[in-house]
Amino acid sequence: VNCAALPETLLESELFGHRRGAFTGAVDERKGRFEEANGGTIFLDEIGDIPPPTQVKLLRVLQERRFERLGENRSVPADVRIIAATNADLERMVAEGSFREDLYYRLNVIPIYLPPLRERREDIPSLTEHFLERFNREHGKGVAFSREALDLLLEYRWTGNVRELENLVER
């Protein structure tokens with residue numbers, strides 16, 4: 001779930017589900033990602049963008065392993081492993097009060113720091129090859145990069161990281 005892409009109510013609906021009539025546009029009952037992922041893993045992208053009220057609800061899921069759908073009082077069990085990612089400095093956000101400290105420590109059990117692409121240029125050729133093979137297959141093409149083009153890719157700063165490289169290769 002990309003936490004940055006949805007307004008608060010829609011994010012909560014996506015994560016926890018809702019009952020019919022819980023909000024404008026909720027015409028059917030819907031299971032959320034936590035319920036669908038029960039017994040498995042859920043990936044929360046851009047966790048630093050979750051609004052404070054949703055942070056409280058997420059913390060409850062982590063602490064009590066239960067949640068409530070929007071518009072319901074009934075508690076639903078949640079047995080999920082959470083993998084969260086962000087490019088935000090969560091420690092700074094905790095210090096500023098924009099991210100809950102208790103949620104930070106609940107999520108920060110096994111931190112993995114992945115350096116930006118510009119700091120691991122050795123990965124660029126294999127990532128480029130992977131994306132090129134995938135897009136050639138998807139689009140029925142046989143496109144290749146010249147040596148000069150690959151050299152330019154190695155020199156570029158990649159502020160958008162792997163997604164920027166992926167988008168460039170697709171273009």
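Criterion applied to R147, R120, R69, R81 was being more than 20 Å from the chain's Cα centre (by Cα) and open to solvent by 70 Å² or more (accessible area, probe 1.4 Å), and the one residue passing it is R147.
Can you pull out every residue in segment 31-57 that is open to solvent by less than 30 Å² (accessible area, probe 1.4 Å), among the aliphatic types (A, V, I, L, M) and outside any strand (DSSP E or B)? Selection gives A37, I47, I50. With respect to L11, determine if the residue is in contact (Cβ under 8 Å) with a residue 12 or more places away in the chain, over 20 Å from Y105 (Cβ atoms) and either surrounded by fewer than 18 Cβ atoms within 10 Å (Cβ to Cβ) or hydrophobic (A, V, I, L, M, F, W, C) (or both). So L11 fits the description; yes.
The values are calculated or read from the model by the stated rules, or taken from the named source; none is laboratory data. Quick caveat: nothing in here was measured; it's all calculated off a predicted structure. Here Cβ is always computed from backbone atoms with ideal geometry, including for glycine, and neighbour counts include all displayed protein chains. When the accessible area is computed, the model is the full protein with side chains, heavy atoms only, and any ligands, DNA or RNA have been set aside. Shrake-Rupley method; radii C 1.70, N 1.55, O 1.52, S 1.80 Å.
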